[in-house]
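Below is one structure, written out as structure tokens, with a few remarks after it.
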Amino acid sequence: QVQLVESGGGLVQAGDSLRLSCAASGRILSYYTMGWFRQAPGKEREVVAFIEWSSGSTYYADSVKGRFTISRNNAENTGYLQMNSLKPEDTAVYYCALRRVGRSTYDTWGQGTQVTVSS
């Protein structure tokens, strides 16, 4: 079974940048989509962005448009989330996950990485 491991989180100041990585233990097939999610304490998990592995088509939540960029390296089976102009409200645990194109549910999840943005 494919496993996902997130990395790159940390403590930064407002306005700073972070790059999160999502490394898969096996091959990510062309019919998969990789999504990034986040969950802050006391809040629901929310979609941040996702990318179709084959086409590279992307989606961004309105709250991160223009600041975050999702990408992938197919050869390395790794996805990335570049986060610029970070705000305190971006503070959360960030998770990556995989789902099959056309499905609404994600099959495989990472353990998450903490992002904390101070004022």
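Note on the chain: GNM, Cα springs under 10 Å; of Ala23, Ala14, Ala92, the largest mean-square fluctuation is that of Ala14.
Basic side chains Lys and Arg get +1 at the Cβ, acidic Asp and Glu get -1 at the Cβ, and with that the dipole of the chain about its Cα centre reaches some 200 debye.
Distance between the pseudo-spin-label points of Ser104 and Ser30 (7 Å out from Cα toward the beta carbon): 2.8 nm. Here region 1-45 is assigned +1 on the Cβ of each Lys and Arg and -1 on the Cβ of each Asp and Glu. Its dipole about the Cα centre then comes out at about 100 debye. Loop-resident GluC sites (Glu not before Pro) (DSSP state other than H, G, I, E or B) in region 13-119 with no more than 13 further Cβ atoms inside 10 Å of their Cβ: Glu44, Glu76.
Here the Gaussian network model covers the chain, with springs between Cα atoms less than 10 Å apart; of Ala75, Ala49, Ala97, Ala75 fluctuates the most.
The calculated FRET efficiency for the pair Ala14 and Gln82, based on their C-beta separation and a Förster distance of 22 Å, comes to about 0.85. Estimated from the Cβ-Cβ distance and a Förster radius of 30 angstrom, the FRET efficiency linking Thr69 and Gln1 is about 0.55.
For region 1-95, the list of trypsin sites (Lys or Arg not before Pro) that fall in a loop by DSSP and count at most 15 other C-beta atoms within 10 angstrom reads Arg27, Lys43, Arg45, Lys65, Arg67.
Taking only the C-alpha atoms of the chain, Rg followed by Dmax gives 13.4, 40 Å.
Computed from the coordinates by the stated procedures, all read-outs in this text should not be read as laboratory data. Everything quoted here is computed from the prediction, not taken from an experiment. Positions of Cβ are generated from backbone atoms using ideal geometry, with glycine treated the same way; all protein chains shown enter the neighbour counts.
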